[in-house]
Amino acid sequence: MSVITVQIGQCGNQIGEKFFDTIVSDCLDYRPNRNQFNLNYFNKLNQDYSQECMERFFSQSETGQTYARSVLIDMESKVVNKILGKNQRYLFRAENSYTQKKGSGNNWSYGYCVNAPKSVNVIEDIIRKESERCDRLCSFLVCMSMAGGTGSGVGSFYTEFLRDSYPRTTLVNTCVWPFSTGEVTLQNYNFLLTLNKLYEMSDGLILLENDTLHQISKRINSINPNKEITFDDLNMVIGHKLASIMQPCSNSNLQRNYLNEVIGELCPHPDYKLLCLNNVPMMSAQSIEFSTFKWNSLYKNSRQLLYTGGFMDEGLKWGSEKSFNKTICLSLFARGINDSEHEHSDLKNGFFDDDFLNKHFKTRAFGIFPEPVKLWQHSRPFNRYEKSLSMLSNSQIPAFKIDGLIEKAWNMFMSKAYVHQYVRYEGFEEENLLNAFSKFSSSKPSYLTY
Amino acid sequence: MTQNITLQIGQCGNQIGCRFWDLALREHAAVNKKGVFDESLSTFFRNVDVRSKATSYFESSEIPVGSGSEKIRSLRARAVLIDTEEGVVNEIMKGPLNEVFDHRQYVTDVSGAGNNWAVGHMFYGNKYKDSISELIRKNAELCDSLESFFVMHSMGGGTGSGLGTAVLRMIADDYPEVHRFVVAVYPSADDDVITSPYNCVLAMKQLMDFADCVMPIDNHSLVNIVNRIESVCVKTQSTCKNTNFSSSLRSRDPSKVLIDSNSTIISSANSSSANKKTEKPFDSMNNIVANMLLNLTSSSRFEGSLNVDLNEIAMNLVPFPRMHYLLSSLSPLYISEKVNLQVRGIEQMFSDAFKRENQLLQCDPKSSLYLACGLMLRGKVQISDMRRNIEKLKPQLNFIKWNQEGWKTGLCSVPAFGQPYSLLCLSNNTCIKDTFSTIKDRFNLLYRRKAHLHHYTQVEGMESCLFTESFQSLQNLINDYKNLETNNSSNDSAIERIKILS
């Protein structure tokens with residue numbers, strides 16, 4: 001079951017590139033630990049894993065060249081050209097790329113109303129051809145930022161387009177949030193308008209913030225204090241996070257629609273689609289060799305991350321009696337060999353105690369009873385970590401931040417600042433902004449008050 | 001990649017333009033080692049084969065970028081030079097840059113505009129309207145995708161302010177989609193043109209209506225900066241060869257222009273006897289302005305991890321249509337690679353950019369309200385450096401209530417020539433109203449007595465109500481800035497967010 005990645009804008013293309021890099025290096029660079037005594041078993045495991053992974057994300061040409069199943073879209077050419085120019089163990093298809101000259105000017109309405117409609121015929125073809133190359137297409141993964149013009153505007157347009165043209169294919173958006181101290185002055189408007197559109201059209205929104213990614217990168221690179229963190233480092237973290245949930249799991253196989261199931265379990269209700277992605281452990285490559293991991297400590301850390309709304313297993317606040325974060329449901333992805341002490345199913349069932357379940361899982365209130373915790377698992381270690389646990393959760397954590405951002409956008413709107421930049425493009429009026437605000441005043445409280 | 005055309009008008013505009021093209025060639029020569037005509041070069045230059053037997057300039061064989069691997073044959077600047085007297089343009093064409101400009105790329109007259117805005121705008125505007133518009137059109141047709149015009153002129157003279165704003169109006173009509181960036185040199189308090197307040201206010205009205213983005217500069221700040229740099233150089237006895245700025249002003253000998261052969265890649269003459277480097281007087285100051293323009297366009301020409309195109313700059317830094325004046329400052333400050341203020345580190349570079357002494361206009365942005373601020377970094381700097389410094393600087397700066405995180409950041413990996421890293425800071429700040437107030441007061445001093453008015457009103461097409469209109473619009477602009485300041489400090493509660501009642 002294949003996944004096509006649609007990379008939009010500078011951010012989307014850069015993280016897409018790192019995502020594929022991570023997958024390839026995970027598959028091809030794996031060396032089983034010499035201390036393992038059943039090497040044959042592990043080699044077979046690895047082979048199955050790689051095969052499934054290749055089928056999911058890559059296509060082979062007649063010459064044996066591996067191509068990523070990816071569509072690259074940007075409104076100016078520098079980033080895409082750089083990616084296409086790289087020659088590695090896999091390539092991006094040049095015919096799958098689309099660029100224009102002028103960019104989108106960090107303006108959602110320029111991206112959505114002007115640039116995207118211009119490109120729709122060409123991109124429609126590209127996506128159709130790429131989907132024909134797949135045996136069975138199961139989902140689209142759209143990578144974009146929410147602050148820029150192309151990522152937000154063109155990204156919203158193509159999410160809508162994919163939803164309309166491929167209604168039965170799962171549509172997951174990976175959205176990157178800018179730095180909260182300000183990266184683009186129009187980020188709040190762009191964010192509001194994008195979220196508005198995506199909420200209607202997408203099946204699940206995985207939210208990633210530059211602030212938290214920056215902290216994580218700093219920790220990963222803390223071995224080398226003189227090194228300054230670059231965007232490449234941030235993108236590597238994103239690649240690791242995305243790959244950790246997208247790589248094959250034992251409960252899935254070539255026939256099942258993996259992403260559909262994951263998202264289906266996580267987003268049971270159309271009003272609750274915001275997903276947070278946390279990974280433990282996250283440490284530098286040099287530290288991994290000197291660390292030992294135990295499943296129950298990984299599970300405990302994840303649980304604490306969920307309770308406190310944290311993002312990193314360092315500096316966690318333990319000992320807080322109550323968690324302020326209510327959760328709808330979550331999925332755990334455990335990758336790595338079992339250790340003899342705990343069974344995964346026990347850990348999963350014991351993840352929450354009954355008291356917590358009753359207070360914080362309001363799914364019973366809807367009258368639907370999905371499993372609050374779903375476990376996906378594979379024994380093959382992931383990306384150099386002997387054991388790793390990813391948690392994709394549908395909870396209140398993002399809602400608090402969204403509220404703050406919308407407040408700021410509202411203040412800007414009240415002063416009528418920058419509004420002329422948006423309305424000057426045909427197809428966009430002040431009403432669109434107003435509608436976006438009103439939509440969020442009605443559904444956001446539902447996240448915060450359930 | 002998109003192309004940009006520069007329109008250089010008047011003596012000041014042409015001199016700045018001349019330095020700009022010189023430095024642009026040098027920068028691209030340093031980056032483009034293989035001599036291929038790639039996309040970044042095509043943003044400012046055209047590749048032309050001079051050996052073809054074309055009769056007309058514009059039909060000569062234009063070599064397009066194609067796959068970006070064509071060798072450079074002969075470069076032509078995408079520029080239009082306009083002046084009402086011949087001296088300056090002729091000098092440029094005699095100098096080493098004559099191969100970059102073609103003799104059909106400029107429009108000149110003989111008599112000059114007499115420091116009179118009306119003569120420049122009305123008389124010359126009408127006389128040369130067609131030929132200028134034709135020239136611009138031909139240049140625009142040679143562009144694949146025209147992004148913006150860079151208009152360079154002064155505000156105090158006659159040609160720059162008058163004809164310059166007439167050209168601005170023309171391109172606003174003919175090319176409404178193309179961005180118009182104006183680099184305007186404002187008269188300083190001690191300038192020698194008496195009618196400069198009139199010219200300035202009359203031109204301001206045109207800028208307010210027709211420009212997308214204005215970067216005001218004044219000579220006083222530039223002189224201070226140059227003097228600072230040179231005094232530091234003399235003190236530290238670095239390897240700079242330049243004489244002190246004021247002495248070169250006295251001993252000017254413009255006919256003997258020797259530009260170091262490192263500065264241009266197509267300097268045909270001048271490699272002999274280059275011991276003593278004589279520069280034209282305003283060159284150092286214009287170099288700073290040229291560097292500012294190069295840094296502004298660097299992220300759209302070269303790759304980086306966080307690209308900023310020119311349209312993004314206008315989009316992010318202009319919250320209200322008429323308030324499009326961006327105060328610029330450069331850090332580190334350098335005239336050439338040998339004459340510069342050494343900067344101790346990235347932290348100092350950031351904090352310098354916000355100091356009063358580094359601004360290219362006499363203003364102190366730290367004491368006033370910021371509407372938005374753009375930071376364009378080049379070179380070996382990373383995102384963590386940028387974030388760290390923004391967090392450090394934020395408490396010292398006063399941002400308007402609704403735009404507390406009003407930063408626009410850009411990272412370009414290609415450094416400027418001779419500098420490992422550099423920063424251009426563009427601020428939309430209310431301190432600019434002080435500059436405008438000064439000009440307005442000087443205007444009033446003259447206008448109250450109707451001094452020199454007859455020179456203007458006797459020009460055909462000029463009406464005296466234009467004076468009052470321009471004055472009024474300038475007054476309105478100043479009031480707009482003032483209102484923003486007072487609204488910001490008032491503590492009225494925010495309007496409650498819209499809610500759907502269910």
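The values are calculated or read from the model by the stated rules, or taken from the named source; none is laboratory data. What you see is a predicted model; the values in this text were computed from it and never measured. All Cβ positions, even for glycine, are placed from backbone atoms using ideal geometry, and neighbour counts span all protein chains on display. These accessible areas exclude ligands, DNA and RNA; they are computed on the full protein's heavy atoms, side chains included. Shrake-Rupley method; radii C 1.70, N 1.55, O 1.52, S 1.80 Å.
The set of residues from the stretch A:278-302 being closer than 25 Å to A:TRP177 by Cβ, open to solvent by 10 Å² or more (accessible area, probe 1.4 Å) and not polar (S, T, N, Q) comprises just one member, A:MET283. For the stretch B:377-387, residues that are more than 8 Å from every other protein chain (Cβ to nearest Cβ) and surrounded by fewer than 23 Cβ atoms within 10 Å (Cβ to Cβ) total 2. Is it the case that some residue within the stretch A:113-121 is open to solvent by 10 Å² or more (accessible area, probe 1.4 Å), in contact with a Leu (Cβ under 6 Å, 6 or more places away or on another chain), within 23 Å of A:ASP203 (Cβ to Cβ) and in contact (Cβ under 8 Å) with a residue 12 or more places away in the chain? Scanning the stretch A:113-121, I find no residue that is open to solvent by 10 Å² or more (accessible area, probe 1.4 Å), in contact with a Leu (Cβ under 6 Å, 6 or more places away or on another chain), within 23 Å of A:ASP203 (Cβ to Cβ) and in contact (Cβ under 8 Å) with a residue 12 or more places away in the chain, so the answer is no.
Within the stretch B:347-367, which residues are open to solvent by less than 10 Å² (accessible area, probe 1.4 Å) and touching a Ser or Thr at 6+ places or on another chain (Cβ under 7 Å)? Steps first, answer last, please.
Residues of the stretch B:347-367 open to solvent by less than 10 Å² (accessible area, probe 1.4 Å): B:349-350, B:353-354, B:358-361, B:363, B:365.
Answer for the stretch B:347-367, where residues must be open to solvent by less than 10 Å² (accessible area, probe 1.4 Å) and touching a Ser or Thr at 6+ places or on another chain (Cβ under 7 Å): B:MET349, B:ALA353, B:ASN358, B:GLN359, B:LEU360, B:LEU361, B:CYS363, B:PRO365.
Scanning the stretch B:388-417 for residues that are farther than 23 Å from A:ILE229 by Cβ and within 11 Å of chain A (Cβ to nearest Cβ) returns B:PHE399, B:ILE400, B:LYS401, B:TRP402, B:ASN403, B:GLN404, B:GLY406.
Can you find a residue that is out of contact with any helix residue (DSSP H, G or I) (no Cβ under 7 Å at 6 or more places or on another chain), among the β-branched types (Val, Ile, Thr) and surrounded by fewer than 23 Cβ atoms within 10 Å (Cβ to Cβ) anywhere in the stretch A:55-63? Working first, answer last.
Quick first cut of the stretch A:55-63, residues out of contact with any helix residue (DSSP H, G or I) (no Cβ under 7 Å at 6 or more places or on another chain) only: A:55-56, A:58, A:60-63.
Checking which are among the β-branched types (Val, Ile, Thr) leaves us with A:63.
Filter once more, so that each one left must be surrounded by fewer than 23 Cβ atoms within 10 Å (Cβ to Cβ): A:63.
Among the residues of the stretch A:55-63, at least one is out of contact with any helix residue (DSSP H, G or I) (no Cβ under 7 Å at 6 or more places or on another chain), among the β-branched types (Val, Ile, Thr) and surrounded by fewer than 23 Cβ atoms within 10 Å (Cβ to Cβ), which makes the answer yes.
Within the stretch A:163-182, the residues that satisfy the criterion of being away from chain B (no Cβ under 14 Å), within 22 Å of A:ILE402 (Cα to Cα), in contact with a Cys (Cβ under 9 Å, 6 or more places away or on another chain) and free of Cβ contacts under 8 Å to residues at least 40 places away in the same chain are A:ASN173, A:CYS175. Taking B:ILE194 and the conditions (1) among the hydrophobic types (A, V, I, L, M, F, W, C); (2) surrounded by 17 or more Cβ atoms within 10 Å (Cβ to Cβ); (3) farther than 27 Å from B:LEU333 by Cα, which numbered condition does it fall short on, given that it satisfies the others? For B:ILE194, the exception is condition (2). When we screen B:LEU326, B:LEU317 for residues that are open to solvent by less than 40 Å² (accessible area, probe 1.4 Å) and within 8 Å of chain A (Cβ to nearest Cβ), the only hit is B:LEU317.
Residues that are open to solvent by 10 Å² or more (accessible area, probe 1.4 Å) and either more than 28 Å from B:ILE335 (Cα to Cα) or at pLDDT 90 or above (or both) within the stretch B:212-237 comprise just one, B:ASP212. Residue by residue through the stretch A:396-409, note down the ones that are within 9 Å of chain B (Cβ to nearest Cβ) and out of contact with any helix residue (DSSP H, G or I) (no Cβ under 6 Å at 6 or more places or on another chain). Correct list: A:GLU407 only.
So, A:ASN210, is that one within 14 Å of chain B (Cβ to nearest Cβ), touching a Phe, Trp or Tyr at 6+ places or on another chain (Cβ under 6 Å) and crowded, with 24+ Cβ neighbours inside 10 Å or not? Reasoning before the result, please.
Numbers: within 14 Å of chain B (Cβ to nearest Cβ): yes; touching a Phe, Trp or Tyr at 6+ places or on another chain (Cβ under 6 Å): yes; crowded, with 24+ Cβ neighbours inside 10 Å: no.
So A:ASN210 does not fit the description; no.
Annotation: B:GLU405 fulfils all but one of (1) out of contact with any Phe, Trp or Tyr (no Cβ under 7 Å at 6 or more places or on another chain); (2) assigned to a helix (DSSP H, G or I); (3) open to solvent by 10 Å² or more (accessible area, probe 1.4 Å); the unmet one is (2). Listed conditions (1) of a type in the set (Ser, Thr, Tyr); (2) open to solvent by less than 30 Å² (accessible area, probe 1.4 Å); (3) out of contact with any helix residue (DSSP H, G or I) (no Cβ under 6 Å at 6 or more places or on another chain) are all met by A:TYR90, apart from (3).
Considering the stretch B:12-52, and only residues there that are touching a Gly at 6+ places or on another chain (Cβ under 7 Å) and modelled with pLDDT of 85 or more, the residue that is most open to solvent (accessible area, probe 1.4 Å) turns out to be B:CYS12. Restricting attention to the stretch B:427-436, the residues that are in contact with a helix residue (DSSP H, G or I) (Cβ under 6 Å, 6 or more places away or on another chain), more than 10 Å from every other protein chain (Cβ to nearest Cβ) and not in a loop (DSSP other than H, G, I, E, B) add up to 4.
Considering the stretch A:135-249, the qualifying helices (runs of 4 or more DSSP H), each wholly inside and each with 2 or more residues that are of a type in the set (A, V, I, L, M, F, W, C) and over 29 Å from A:GLN377 (Cα atoms), run over A:155-165, A:187-201.
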